[in-house]
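S.K.: Below you will find the structure I want to go over with you.
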Amino acid sequence: MFSYRHAFHAGNHADVLKHAVLVQILEHFNRKDTPYWVIDTHAGAGLYALDGEWAGQSGEVTEGLDRLLGAPNPPALVERYLRAVQDFNPDGVANLYPGSPCLALHAMRAQDRLRLFELHPTEGQVLEDTLRRQVHAPRRQVAVALEDGFAGLKRLLPPPPRRGLILIDPSYENKQDYRSVMQALRDGLQRFAQGCFAVWYPQVQRIQAHEMVRALERLPVDWLNASLTVRKPAADGLGMHGSGMFVINPPWTLESELRAALPWLQAALAQDDQARFSLTTGAARGGAGKPPAPDGKPADAPAGHPGPARRPAARQADQKRSPSRR
Ligand code: SAM
């Protein structure tokens, strides 16, 4: 159960989508002074060395973040994400990749709070060390619980300011995760109906993955579903060909930001001609939601970029791979 290490996947195409959405949601939250909480049920190690042993071996970042660095004319959502990544790489070279805890902390103000769960003891220890020693997170602002995030979430809802983002980002290594996500949402929405819940999901050839997305779309809530497929599904049925973010009670700016960004991301991250995106929404009342936006065609991408520079190319993968996200 404990073989998953996010370090293998740090900065891959799925992290790009997930973290760009995370940064965008918090940018919107910051428009009001009212405090909020971020609860990250599956926090990971927090910060990853892209030239380190694990990320270097998998090379997944070369099909993710690396493709964005230096790419011309990034849309605003991508630009915000790249600026945040850059702030963890002050020397201008992208050697460190901030995971969701670091990106959340980066966006938050003094009045906001971050609550993190991580079940893997080693990852949890690294996370705590990173937050204290590298990021210097204020103790009163951040708390890490080395326990099951699905179970722990219940006691934190609703958060005291009644304003918050709950990021649910399991590895789905265990297929029970698909059911646990739905249960956590049903419980969570009873306790905190107005909360913004963001669920990351993989596009894999597994029935539970498809069923979970359909079940999410049937929830009687306002939702937004953004997915980015980067390649055709593998003939052997293995691996991840894309991912999605399902956001309940999305900030109103998220849909338009994603509509502008997804064609660009598709063009930047496409691995073959099957790459595409989808952006759909649904409403709590009246249910049907808006029709899907047409899947995008690769966008042209002209000049100027924020973000750190590309690292020297050398790290492309040889063979050691972690378990895939499925
Ligand atoms: N959210 C992180 C980010 O975006 O940077 C990545 C998290 S990674 C996909 C999933 C993490 O959840 C792994 O570090 C894994 O050890 C941890 N994990 C697995 N099951 C868990 C559970 N039930 N509760 C909390 N953490 C769990």
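S.K.: Taking only pairs six or more apart or across chains, which ones have beta-carbon atoms under 8 Å, a first residue in segment 51-65 that is farther than 19 Å from T229 by Cβ and touching a residue at least 12 places away in the same chain (Cβ under 8 Å), and a second residue that is assigned to a loop (DSSP other than H, G, I, E, B) and among the basic types (K, R)?
M.R.: Qualifying pairs under 8 Å: D51/R311; W54/R5; Q57/K320; Q57/R321; S58/K320; S58/R321.
S.K.: Next question. I need the full set of residues from segment 170-216 which are within 12 Å of the ligand (Cβ to nearest atom), exposed (fewer than 15 other Cβ atoms within 10 Å of the Cβ) and assigned to a loop (DSSP other than H, G, I, E, B), in order please.
M.R.: Of everything in segment 170-216, just one residue is within 12 Å of the ligand (Cβ to nearest atom), exposed (fewer than 15 other Cβ atoms within 10 Å of the Cβ) and assigned to a loop (DSSP other than H, G, I, E, B), namely N174.
S.K.: Moving to a separate point now. Search segment 114-131 for residues that are touching a residue at least 24 places away in the same chain (Cβ under 8 Å) and pair each with any residue that is in a helix (DSSP H, G or I) and surrounded by fewer than 20 Cβ atoms within 10 Å (Cβ to Cβ) when their beta-carbon atoms are under 8 Å apart and the residues are at least 6 apart or on different chains.
M.R.: As it stands, the answer is F117/G152, since those pairs meet every condition given.
S.K.: Report the residue count in segment 217-260 for those that are surrounded by fewer than 22 Cβ atoms within 10 Å (Cβ to Cβ), of a type in the set (A, V, I, L, M) and not in a loop (DSSP other than H, G, I, E, B).
M.R.: Counting residues in segment 217-260 that are surrounded by fewer than 22 Cβ atoms within 10 Å (Cβ to Cβ), of a type in the set (A, V, I, L, M) and not in a loop (DSSP other than H, G, I, E, B) gives 1.
S.K.: Given (1) among the polar types (S, T, N, Q); (2) over 13 Å from the mean Cα position of the chain (by Cα); (3) under 25 Å from C196 (Cβ atoms), identify the lone condition not met by N12.
M.R.: Result: N12 fails condition (2) only.
S.K.: Oh, and also: When D40 is evaluated against the numbered criteria (1) closer than 26 Å to A184 by Cα; (2) charged (D, E, K, R); (3) away from the ligand (no atom under 11 Å from the Cβ), which criterion, by number, is the only one it fails?
M.R.: (3)
S.K.: Follow-up. If N225 passes every condition in (1) touching a Ser or Thr at 6+ places or on another chain (Cβ under 9 Å); (2) at pLDDT below 95 but one, which one does it miss?
M.R.: (2)
S.K.: Just checking, which of A76, A107 is in contact (Cβ under 8 Å) with a residue 40 or more places away in the chain and either within 16 Å of the ligand (Cβ to nearest atom) or within 18 Å of G11 (Cα to Cα) (or both)? Outline the logic, then answer.
M.R.: Working: A76 fails: either within 16 Å of the ligand (Cβ to nearest atom) or within 18 Å of G11 (Cα to Cα) (or both).
Unique residue meeting the criteria: A107.
S.K.: Name the residue that is nearest to the ligand (Cβ to nearest atom), counting only residues in segment 125-158 that are of a type outside the set (A, V, I, L, M) and within 15 Å of P98 (Cα to Cα). Break it down into steps so the answer makes sense when it comes.
M.R.: Keep residues of segment 125-158 that are of a type outside the set (A, V, I, L, M), which gives 125, 128-130, 132-134, 136, 138-141, 147-150, 152, 154-155, 158.
Among the residues that remain, those that are also within 15 Å of P98 (Cα to Cα) are: 128-130, 132-134, 136.
Values: E128: 13, D129: 15, T130: 11, R132: 18, R133: 18, Q134: 15, H136: 19 Å.
Selected residue: T130.
The values are calculated or read from the model by the stated rules, or taken from the named source; none is laboratory data. Please read all numbers here as calculations on a predicted model, not as lab measurements. Note: ideal-geometry Cβ built from the backbone for every residue, glycine included; neighbour counts use all protein chains shown.
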